[in-house]
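One structure below.
The values are calculated or read from the model by the stated rules, or taken from the named source; none is laboratory data. In this text, all values refer to a predicted model and were calculated from it rather than measured experimentally. Positions of Cβ are generated from backbone atoms using ideal geometry, with glycine treated the same way; all protein chains shown enter the neighbour counts. Side chains included, ligands, DNA and RNA excluded: accessible areas come from the protein's heavy atoms. Shrake-Rupley method; radii C 1.70, N 1.55, O 1.52, S 1.80 Å.
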Amino acid sequence: MITINDAVFRLQTENTEYIFRKTKHGHLEHIYYGAKLTSPDIEALAHKRTTQAGSTTVAYDKEDPTYCLDSMCLEWSGIGKGDYRYSPSEIKMPNNSFVSDFVYKSHSEKKSFVPMKELPSARGKDNECQTLSIVLHDKVSDVSLTLIYTVYEKANCITRRVVLENTDASPLVVRRLLSMSLDMPNMGFYLITFDGDWAREAHRNDRFLKPGVFIKESRTGSSGNKNNPGFLLCEEDASEEHGRVYGFNLVYSGNYLSFAELNSHELVRAGVGISPHCFEWTLNQGENLETPEAVITFSDSGFNGLSKNFHSFVNNHIVNEKWQGSDRPILYNSWEPCFFKFSQGKLISLAREAKKMGMELFVLDDGWFEGRNDDNAGLGDYSVNKKKFPFGLGSFAKKIRKMGLGFGIWFEPEMVNENSNLFREHSEYALRLPGSEATLGRNQLVLDLCNPAVRDYIVSSVGKILDETGACYVKWDMNRHISEFYSEHIRSQGEYFHRYILGLYDVLRRIFEPRPNILLESCSSGGNRFDLGMLCFSPQIWTSDCTDPVVRLSIQSGLSYLYPQSAMGAHVSDAPHQQTLRDTPLSTRYNTACFGSLGYELDLRFLSSVEKKEIKEQIAFYKEHRKIFQYGTFERLPLKSSRLKNKTFWLVKGKDETIAGFFQLKSGVGEETDVLRINGLKDDAKYRVTTKSQQLYIKRFGGLVKHILPVTLNPDGFILRMANRFYALKDCVENYECSGKTLAAGIKLNNQFTGRPYNNTTRLLGDYGSSLYTIKKTSD
Ligand code: DGJ
């Protein structure tokens with residue numbers, strides 16, 4: 001809800017409240033952002049300025065020495081009028097100075113969201129959101145800046161963006177224009193970011209906010225895997241379940257900048273927007289520049305409360321309406337089992353196995369087009385490899401569909417190999433700086449998406465294959481960072497990175513809007529473009545090229561602060577793992593992947609019959625609980641003692657059922673009791689808690705089997721190896737019937753194996769072991 005009274009603007013969501021007001025000079029002064037207040041006392045909440053803030057301070061108003069922009073909380077602040085904090089904008093104004101002073105001119109309200117011209121944005125039905133637009137005008141030049149706020153009540157999120165318009169006769173040059181900035185008094189903030197690189201994305205990093213500016217920025221051309229645009233500010237003792245936390249994110253897939261500054265007056269400024277790295281944008285008279293949307297949220301119930309807001313926002317306002325709440329298919333992907341080496345026959349036999357196990361969609365990954373037998377050639381050409389598919393792709397897709405599976409296909413449309421027909425015919429389509437050699441990444445060059453002819457080529461060649469195959473799923477890959485960003489198709493090279501992303505959005509729109517039934521999964525070597533911009537087009541994203549469950553625990557935990565499970569593609573692959581060589585139980589690979597949009601990516605041909613049986617059971621379990629896994633309320637359980645850093649608890653909560661995942665990295669001897677504690681259930685209702693049964697492979701006991709068998713057998717001999725393929729023990733299953741209150745107090749789980757003989761009341765987890773628990777309401 002938006003209320004405006006006496007120049008005070010109140011933006012309310014279900015649980016939060018955001019207040020600012022117009023000052024006597026027309027600046028917008030931030031008053032409060034936090035938990036909802038019934039009737040806020042504005043004067044009491046406002047940041048005080050009853051004295052001048054030091055003798056070096058610049059006073060904006062000569063009549064009022066306390067009116068110093070540097071020590072005020074502002075909704076927007078320019079440069080050159082006494083505010084020395086990091087400004088959300090740096091503009092060379094029409095008068096050639098860098099001084100800007102935007103003050104209130106007018107405002108308007110709308111009972112809906114306001115769509116953007118070229119950028120994707122959040123959306124909501126008319127009763128779900130309201131928009132407030134405030135026009136500010138520069139005091140000297142004829143330039144206006146409109147601040148746009150959209151309030152998403154149920155999701156407790158507010159989006160912010162700006163539009164800069166030049167009505168002055170002289171041009172202006174934008175060097176930096178972020179989407180928002182927010183000023184607040186310091187609460188002893190910690191700054192939390194999600195960082196990494198290829199195959200180790202989104203690892204959580206916490207740091208105490210000290211004086212100075214902390215900036216994280218992408219310069220690779222994509223939002224990137226080095227750090228995610230989303231970040232958090234929390235008070236010192238905030239935990240998963242308690243404390244005040246602010247979250248920030250950006251609906252954008254290109255270079256971004258996020259910052260948090262603690263200034264000398266103990267004020268914190270946070271902001272996010274397009275990165276100013278090599279950015280320069282000229283606006284002539286009558287032109288405007290629209291920034292991507294920033295998203296902010298607040299929770300006073302810790303990180304889990306904050307994630308709940310962001311998840312609801314993504315599921316209901318970012319993901320395209322057609323896919324909101326839709327069941328995501330359990331897919332089988334050909335990449336890890338085959339890489340480039342396959343024939344149609346091999347794929348058909350894998351697809352048959354996948355179908356038998358209950359999978360729903362077959363995805364033909366890289367390697368299907370002419371010349372593409374490794375990563376040196378073929379990108380850019382979309383004619384099918386006749387050796388691999390003698391009867392064409394259409395006929396292959398038909399065969400897959402006939403088995404009862406959907407057909408999905410991989411593309412990497414933004415790229416070209418020098419060894420390709422496209423490059424031989426149109427080398428000018430690739431990014432290159434005239435007079436110099438282009439830099440390769442994974443042996444490929446980037447296509448210039450600023451060139452309309454390139455965009456047309458992609459739209460028609462990808463579209464043709466989609467229509468020929470009747471694909472219902474596309475994996476859209478992008479495997480390298482951008483270099484030599486230079487194009488003859490733009491006015492100024494400072495526009496390059498932003499124009500590239502606008503080009504990408506244009507292509508995605510033109511391909512997928514006319515084909516609304518195709519589920520798009522975006523990928524960029526895994527999570528190199530895991531952002532809200534891509535999620536507007538692709539309801540799910542391939543989270544990481546690393547499918548090792550141990551690494552995935554950190555990656556999926558990290559992303560879960562900002563994005564819901566439905567958005568995370570998560571697959572079970574072979575062990576030992578292709579990147580880490582870690583050997584993990586099949587159960588743990590599944591137990592991690594099922595907290596996302598599930599898929600399998602392992603060679604089904606060499607599985608033992610016990611493994612096949614286990615996968616069948618896993619898939620049946622996922623189908624039974626798919627809604628909870630993909631859309632249930634996700635929580636991370638706080639694990640306080642340092643020993644417990646070794647363990648992870650994830651929860652997904654549905655209406656009458658909760659599923660908990662318990663994961664252990666290293667096993668100890670005589671471990672402490674593990675406690676399953678679940679808050680927020682109905683105090684007096686009764687719940688049945690049961691461990692999901694899973695297989696316990698004989699080979700996990702190694703030489704120990706000698707001691708329990710009547711005859712001595714070589715643990716690595718033929719008989720036991722064969723037995724391991726056909727026979728497995730059942731892992732310990734615990735059953736409890738207890739109230740919601742008991743669950744909040746915590747169930748002490750059975751002991752872990754400590755070397756005494758195995759019995760089925762002992763939890764045999766070992767290194768990288770894990771279990772799932774279902775908690776089902778049996779009476780109210
Ligand atoms: C990188 C992706 O992340 C992988 O899943 C796979 O699609 C390869 N590219 C194919 O080249």
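A few comments on the model shown:
- Search result, residues across the range 42-64 that are more than 20 Å from G26 (Cα to Cα) and at pLDDT 95 or above: A44
- Flag if Y67 is at pLDDT 95 or above and in a loop (DSSP other than H, G, I, E, B): yes
- On inspection, E484 does not qualify as over 16 Å from I409 (Cα atoms), assigned to a loop (DSSP other than H, G, I, E, B) and at pLDDT below 95.
- Scanning the range 450-479 for residues that are within 16 Å of the ligand (Cβ to nearest atom) and closer than 14 Å to L508 by Cβ yields V462, V474, K475, W476, D477, M478.
- Verdict on G769 being in contact with a helix residue (DSSP H, G or I) (Cβ under 7 Å, 6 or more places away or on another chain), in contact (Cβ under 8 Å) with a residue 60 or more places away in the chain and of a type in the set (G, A, S): yes
- Matching option when the condition is out of contact with any His (no Cβ under 7 Å at 6 or more places or on another chain), free of Cβ contacts under 8 Å to residues at least 60 places away in the same chain and assigned to a strand (DSSP E or B), among I148, I192, I158: I148
- Count of residues meeting criterion [open to solvent by 70 Å² or more (accessible area, probe 1.4 Å) and in contact (Cβ under 8 Å) with a residue 40 or more places away in the chain] in the range 715-753: 9
- Residues of the range 489-514 satisfying the condition of being open to solvent by 50 Å² or more (accessible area, probe 1.4 Å) and either touching a residue at least 24 places away in the same chain (Cβ under 8 Å) or not charged (D, E, K, R) (or both): H489, R491, Q493, R499, R509, R510, P514
- Within the range 348-394, tally of residues that are away from the ligand (no atom under 16 Å from the Cβ), among the small types (G, A, S) and either open to solvent by less than 20 Å² (accessible area, probe 1.4 Å) or within 25 Å of R328 (Cα to Cα) (or both): 6
- Pairs linking a residue in the range 259-272 that is under 20 Å from E90 (Cβ atoms) and open to solvent by 10 Å² or more (accessible area, probe 1.4 Å) to a residue that is part of a strand (DSSP E or B) and not charged (D, E, K, R), with Cβ atoms under 6 Å and 6 or more positions apart or on different chains, are E261/V213.
- Residues located in the range 96-110, provided they are on the phi < 0 side of the Ramachandran plot and either open to solvent by 60 Å² or more (accessible area, probe 1.4 Å) or not hydrophobic (A, V, I, L, M, F, W, C) (or both): S97, F98, V99, S100, D101, Y104, K105, S106, H107, S108, E109, K110
- Strands (runs of 3 or more DSSP E) (entirely within the range 688-765) containing at least 2 residues that are among the aliphatic types (A, V, I, L, M): 728-730
Table: residues versus (1) open to solvent by 60 Å² or more (accessible area, probe 1.4 Å); (2) in a loop (DSSP other than H, G, I, E, B).
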| residue | (1), (2) |
| --- | --- |
| Q52 | yes, yes |
| A59 | no, yes |
| R85 | no, yes |
| P94 | no, yes |
| F113 | no, yes |
| K117 | yes, yes |
| S121 | no, yes |
| H137 | no, no |
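- The sole residue among E240, E201 that is in contact with a Ser or Thr (Cβ under 6 Å, 6 or more places away or on another chain) and either part of a loop (DSSP other than H, G, I, E, B) or not β-branched (V, I, T) (or both) is E201.
- Qualifying residue in the range 531-539 (condition: farther than 28 Å from A397 by Cβ and assigned to a helix (DSSP H, G or I)): yes
- Total residues in the range 543-570, condition outside any helix (DSSP H, G or I), within 16 Å of the ligand (Cβ to nearest atom) and open to solvent by less than 10 Å² (accessible area, probe 1.4 Å): 8
- Among residues of the range 477-488, those that are of a type in the set (S, T, Y) and open to solvent by 40 Å² or more (accessible area, probe 1.4 Å), counted: 1
- Filter pass, S554 being touching a Lys or Arg at 6+ places or on another chain (Cβ under 9 Å), at positive phi and among the small types (G, A, S): no
- Qualifying residue in the range 487-503 (condition: small (G, A, S), away from the ligand (no atom under 16 Å from the Cβ), in contact with a helix residue (DSSP H, G or I) (Cβ under 9 Å, 6 or more places away or on another chain) and assigned to a helix (DSSP H, G or I)): yes
- Counted residues, the range 165-175 - those being surrounded by fewer than 24 Cβ atoms within 10 Å (Cβ to Cβ) and closer than 21 Å to M116 by Cα: 3
- Residues (open to solvent by 10 Å² or more (accessible area, probe 1.4 Å) and closer than 27 Å to S436 by Cβ) located in the range 457-476: Y457
- Restricting the first member to the range 295-312 and to residues that are farther than 26 Å from I274 by Cβ, and the second to residues that are part of a helix (DSSP H, G or I) and open to solvent by 10 Å² or more (accessible area, probe 1.4 Å), the beta-carbon pairs closer than 7 Å and six or more apart or on different chains are S299/G305; S299/N309.
- Scanning the range 561-592 for residues that are without any contact (Cβ under 8 Å) to a residue 60 or more places away in the chain and either closer than 30 Å to V295 by Cα or small (G, A, S) (or both) turns up M568, G569, A570, A575.
- Remark: pairs (first residue in the range 374-386, on the phi > 0 side of the Ramachandran plot; second residue within 15 Å of the ligand (Cβ to nearest atom) and outside any loop (DSSP other than H, G, I, E, B); Cβ separation under 8 Å; 6+ apart in sequence or on different chains) = G378/F369; G380/M415; G380/V416.
- For the range 506-530, the tally of residues that are within 16 Å of the ligand (Cβ to nearest atom) and charged (D, E, K, R) stands at 2.
- In the set (1) surrounded by fewer than 17 Cβ atoms within 10 Å (Cβ to Cβ); (2) at pLDDT 95 or above, A430 fails one condition alone, (1).
- Candidate set from the range 326-341 (those that are open to solvent by 20 Å² or more (accessible area, probe 1.4 Å) and over 27 Å from the mean Cα position of the chain (by Cα)); member that is nearest to the ligand (Cβ to nearest atom): F340
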